[in-house]
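Chemist: Here's a structure for you.
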Amino acid sequence: MERKPVEEQYKILQQRIEASMAKVKRKLVILSGKGGVGKSTVTANTAMALAAKYGPETTGILDADITGPSIPKMLGIRGEKLQAGPPGVFPAIGPMGVKVVSMDFLLPSDETPVIWRGPLKSSAIRQFLGEIVWGKLEYLLIDLPPGTGDEALTVMQSIPKVDGTVIVTIPSEVSELVVKKAIEFARKLNAPVIGIIENMAGFVCPKCGATYDVLRSGAGRRIAQQTGIKLLGTIPLDPTVSEASDLGKPIVASNPNHPIAKTFMKISEEIDRILKGEQA
């Protein structure tokens, strides 16, 4: 059988992406300038909060970190496989009915590295967007790898309309510098930055419950003031949250009454309000 020209294949896949994304009400990109800021933890718990509001199978997560996927581990669904059916390939289902697609589901073992150059990673992301049967969703959260490289560029340019971008940072000058680059990146690609989340904003002592500023505090507020972007919330560094992620039980799903779970819920409510165009 004669293969179609590359340009035609690209066009056909783009049409599929547009048809698939048309069924998603709000596409939300979670971005950070650098690694190690807890962006995937924010993504996982925000998705749990949105699913709690809208119900099972109304929220999806695309883990766009091709070489270092972590969302399946945080949701306790490592080892799951994507199921194929007549319409296409279906996402795995995580806690609270969240639909999940990740490169992790396609790797034969935990030790298998993904040694790909940019074009292959971009191709995988486009297939995840266009060939996965996402169905009707209230939200699709795209968890990007750190920085503004191939994966981020592919997502921004492939999705017809990114409804909002959330930037995650931590209290450090290095993070502040790269966050501003991430903000400018999103703006240049017409992906509105709706807010900033400051993660690891102080350490919560597991014994006494007091919060200590082990890192330089107030980064999120400073960036918000300098850029005019809303500070959606601050999340302290609490061992309970990291333990929940390691166990594959996000704090919002496993312990919704925990103070940090309530903070995630408040942040998700604010995101939802902004993207719906509702007044505060």
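Read-outs: derived from the displayed coordinates by stated rules, not from any lab. Note that this is a predicted model, so its numbers are computed, not measured. Every residue, glycine among them, receives a Cβ derived from its backbone with ideal geometry; neighbour counts consider all protein chains shown.
Chemist: Roughly what % antiparallel, to the nearest 5, for the DSSP beta bridges in the chain?
Modeler: 20 percent
Chemist: So how long is each side of segment 125-196 along the principal axes, counting just the alpha-carbon atoms, biggest first, in Å?
Modeler: 41, 24, 19
Chemist: Here is a follow-up. Net charge near residue 148, counting Lys/Arg +1 and Asp/Glu -1 over other residues with Cβ under 13 Å of its Cβ?
Modeler: Its environment carries a net charge of +2.
Chemist: For the chain, what is the mean residue ellipticity at 222 nm derived from helices alone (per DSSP H run of n ≥ 4: -39500 (n - 2.57); sum divided by total residues; nearest 500 deg cm²/dmol)?
Modeler: About -12500 deg cm²/dmol.
Chemist: Bin width 10 Å, alpha-carbon pairs only: give the P(r) of the chain as whole percents, running from 0 to the bin holding the largest distance.
Modeler: Bin by bin from 0 Å, the calculated values are 7, 30, 37, 20, 5, 1, 0.
Chemist: Let me know the charge dipole size of the chain about its Cα centre in debye, to the nearest 20, where only the beta-carbon of Lys, Arg (+1) and Asp, Glu (-1) is charged.
Modeler: 580 debye
Chemist: As a test of understanding, state the convex hull volume per residue of segment 1-141 from its alpha carbons, in Å³.
Modeler: Per-residue hull volume (Cα only) is 133 Å³.
Chemist: I've got another one for you. Under the rule a/c < 1.5 gives rounded, and otherwise a/b versus b/c splits prolate from oblate, where does segment 1-63 land using the Cα gyration tensor?
Modeler: oblate
Chemist: Moving to a separate point now. I need the shape label for segment 70-146. Rule: rounded when a/c is under 1.5, else prolate if a/b > b/c, else oblate, with a, b, c from the alpha carbon gyration tensor.
Modeler: rounded
Chemist: Using Cα atoms only, what is the angle between the long axis of helix 259-276 and the major principal axis of the chain, expressed in degrees (0 to 90) to the nearest 10?
Modeler: Approximately 50 degrees, to the nearest ten.
Chemist: So which aspartates and glutamates pass the test for residue 136, namely a Cα distance under 19 Å, with those fewer than 8 places away in the same chain ruled out?
Modeler: 18, 57, 63, 163, 272
Chemist: Only Cα pairs within less than 10 Å get springs; with that Gaussian network setup on the chain, which residue of 70, 102, 123 has the largest fluctuation?
Modeler: Result: 123 has the largest fluctuation of those listed.
Chemist: Shifting gears a bit: Whole-Hz ³J(HN,Hα) for each residue in segment 126-141, computed from phi via Karplus 6.51 cos²θ - 1.76 cosθ + 1.60 with θ = phi - 60°, x for glycine and proline: what do you get?
Modeler: The phi angles translate into 5, 5, 4, 6, x, 10, 8, 7, 6, x, 7, 10, 6, 9, 10, 9 Hz.
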